[in-house]
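*Asks:* Quick one: structure below, then a few questions.
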Amino acid sequence: MTRTRPFSPVIYLFLLLLSAICSATVENAGECAAVGTLVSSCTEFVNYGYPDPIPGSSCCDAMTVIGTYSDSSEKRKWLCNCFMDLINVNNSNATAISTLSGFCGVVLGFTIDPNTDCNL
């Protein structure tokens, strides 16, 4: 008999935030706060550069939730702009933010980089 691992409270929080993101219209820039909340699971890495996020960590779980929202070009453009806002606010940590999806193996459909043009 195999045992399944129960969802942690962090996963429930991510699912709640995902529902908030998905119920929002793409034009609502205020919903970028939900993306920021999810990325805040990676605060230690973003601020200090360690520990590296690994799949299964709360940081990568958050990035996976964010990745599920990049399923159309309109949503990717919106999500890209949210990440650019995060990078502008946390400019000294731009490199760490830009590496999150790669560490976690999440494909967002755009490159997180201060020079990314989200309109392309």
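The values are calculated or read from the model by the stated rules, or taken from the named source; none is laboratory data. All values reported here derive from a predicted model rather than from experimental measurement. The protein model used for the area step is the full one, side chains on, heavy atoms only, and it has no ligands, DNA or RNA in it. Shrake-Rupley method; radii C 1.70, N 1.55, O 1.52, S 1.80 Å.
*Asks:* Just read off the accessible area of residue 46 with the full protein assembly in place, 1.4 Å probe, to the nearest 10 Å².
*Replies:* Counting only protein heavy atoms, residue 46 exposes about 20 Å² to solvent.
*Asks:* Sorting 45, 110 by accessible area (1.4 Å probe), largest first, what list results?
*Replies:* Working: 45 15, 110 40 Å².
These residues rank, largest area first, as 110, 45.
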